[in-house]
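K.L.:
Structure in structure tokens, see below.
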Amino acid sequence: MLDLHCHILPATDDGPQTLEESLQMARLAREDGITDIIATPHHHRFLRLYRSEILPRVASLNAELQRAGIAVLVWPGSEIQVSDLELYRADYDAGKLCHLGDRRDFSLWEWPWDERMHPEAEREHIGWLLERGTRPIVAHPERHAFFRDDLARLDALVEAGAWLQITAGSLLGHHGVDPQTGGEAMMRRYREVVLATDSHNLKRRSGLSEAYARVEELVGRERADEVKARAAAVLTGFSAPESV
């Protein structure tokens, strides 16, 4: 399986602070059936992590995973919080942002938790990206009350071409009742969905295989397989990242 949203890079953001914790996260992920992880450190106005910083960290972690004999491959990426569209577009055009797999096919977006920071012209910005060959994936919408309480807004983003990333732990009840019921409702409502862990540490473990089983309970085996295939498609045709 692929986990396309995971904060596994050590001492980088609010994820693991030590290499050993990162390695243990990878061990637990492998035990859950995960073979590939996209590292998605935060990129926002308080912490701007560009691809020039992320790529060497991914290469270093892959080397450590090989030395430790852990059969997990980490790919570069980032979770990009979009508030200033002008700055985002400038960084995008300059090639500074690290999209999923370090290609421009898919980009993981996080909406600011503070609604006052939300970008205007959301649909238009999605169209701007799609014209350039990039499909945005909205991170954990089920954890945001402004999406749970306004599915018409989420409908508009999906209709514009965005995908949604539901968090495994939300479907399993790890984030409370509202994210769980919201995630279940979104899973039933939308087909443009992928699952990921958004793991940050050893307390927020994978649960990805269990979440796929829950998806099967909610919408059936065919839809569950479709969700898994859509996630795998994010890395289709990619060349494996290098180690150092």
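Throughout, read-outs are computed from the coordinates displayed, never taken from laboratory work. Everything quoted here is computed from the prediction, not taken from an experiment. All Cβ positions, glycine included, derive from the backbone under ideal geometry; neighbour counts span all protein chains shown.
K.L.:
List the relative contact order of the range 2-235 as a percent without decimals, with contacts defined as Cα pairs under 8 Å and 6+ residues apart.
P.N.:
20 percent
K.L.:
Dividing the Cα radius of gyration by the Kirkwood radius, what Rg/Rh value follows for the range 160-228?
P.N.:
Looking at the range 160-228, the ratio lands at 0.95.
K.L.:
Another question, then. Treating the beta-carbon of each Lys and Arg as +1 and of each Asp and Glu as -1, no other charges, what is the dipole magnitude of the chain about its Cα centre, to the nearest 20 debye?
P.N.:
380 debye
K.L.:
A further question on this structure: List every residue whose amide H lies under 5 Å from the amide H of Val194, counting only residues 5 or more places away in sequence or on a different chain, with H placed 1.01 Å from N in the peptide plane.
P.N.:
Amide H neighbours of Val194: Leu164, Gln165, Ile166.
K.L.:
Using θ = phi - 60° and the Karplus curve 6.51 cos²θ - 1.76 cosθ + 1.60, what whole-Hz ³J(HN,Hα) does each residue of the range 35-48 get, with Gly and Pro shown as x?
P.N.:
Values, residue by residue: 10, 10, 10, 8, 6, 10, x, 5, 9, 8, 5, 9, 8, 9 Hz.
K.L.:
Anyone know which of Trp128, Trp109, Trp75 comes out most mobile in the 10 Å Cα GNM of the chain?
P.N.:
Trp128
K.L.:
Using the Cα centre of the chain as origin and beta-carbon charges of +1 (Lys, Arg) and -1 (Asp, Glu), tell me which of Val74, Ala185, Gly173 is placed farthest towards the positive end of the dipole.
P.N.:
Final value for the positive-end residue is Val74.
K.L.:
Determine the gain in length on full extension of the stretch Arg123-Leu151; use 0.36 nm per residue of separation and subtract their C-alpha separation, reporting nm with one decimal.
P.N.:
Result: 8.6 nm gained on full extension.
K.L.:
Further question on the same structure: Taking square-rooted eigenvalues a ≥ b ≥ c of the alpha carbon gyration tensor, is the range 104-244 rounded, prolate or oblate, where a/c under 1.5 means rounded and, failing that, a/b exceeding b/c means prolate? Display every interim value, and only then the final one.
P.N.:
Working: a/c = 1.39, a/b = 1.07, b/c = 1.30.
Judged from the Cα gyration tensor, the range 104-244 comes out rounded (a/c under 1.5).
K.L.:
Continuing with this model, one more query. When N counts the residues of the range 2-235, how does its alpha-carbon radius of gyration compare numerically with 2.2 N^0.38 Å, as a ratio?
P.N.:
Scaled against compact globular proteins, the figure is 0.95.
K.L.:
Counting other beta carbons within 10 Å of each Cβ, put Val74, Val219 in order, fewest first.
P.N.:
Exposure proxy ranking, most exposed first: Val219, Val74.
K.L.:
Apply the Karplus parameterisation 6.51 cos²θ - 1.76 cosθ + 1.60, with θ equal to phi minus 60°, to every residue of the range 114-128 and state each ³J(HN,Hα) to the nearest whole Hz, in sequence, with x for glycine and proline.
P.N.:
8, 4, 5, 9, 5, x, 8, 6, 4, 4, 5, 5, 4, x, 4
K.L.:
I would also like to ask the following. What residues have an amide H closer than 5 Å to that of Leu4, excluding those fewer than 5 places away on the same chain, when H is modeled at 1.01 Å from N in the peptide plane?
P.N.:
Ile38, Thr197
K.L.:
Remind me, what semi-axes does the range 1-120 give for its equivalent ellipsoid, largest first in whole Å, using sqrt of 5 times each Cα gyration tensor eigenvalue?
P.N.:
Here the semi-axes work out to 27, 14, 13 Å.
K.L.:
Which of the listed residues, Pro141, Leu47, Ala63, is farthest toward the dipole's positive end in the range 2-235, when Lys, Arg count +1 and Asp, Glu count -1 at the beta-carbon?
P.N.:
The residue sitting most towards the positive pole is Ala63.
K.L.:
Can I ask one more? Taking the Cα-to-Cβ direction at Glu131 and at Asp225 and moving 7 Å from each Cα, how far apart do the two end points lie in nm?
P.N.:
Rounded to a tenth, the inter-label distance reads 3.9 nm.
K.L.:
Per residue, how big is the convex hull around the C-alpha atoms of the range 90-135? Give it to me in cubic angstrom, could you?
P.N.:
Details: hull volume 3.8 nm³, N = 46.
Each residue corresponds to 83 Å³ of Cα convex hull volume.
K.L.:
Here's another thing I want to ask about it. Suppose R0 equals 22 Å; then what is the FRET efficiency for Trp113 and Glu53 from their Cβ-Cβ distance, rounded to the nearest 0.05?
P.N.:
About 0.40, to the nearest 0.05.
K.L.:
A follow-up question, please. Residue by residue through the range 215-229, which ³J(HN,Hα) values in whole Hz follow from phi under the Karplus form 6.51 cos²θ - 1.76 cosθ + 1.60 (θ = phi - 60°), with glycine and proline marked x?
P.N.:
Each residue of the range 215-229 in turn: 4, 4, 5, 6, 10, x, 5, 4, 5, 4, 5, 5, 4, 5, 5 Hz.
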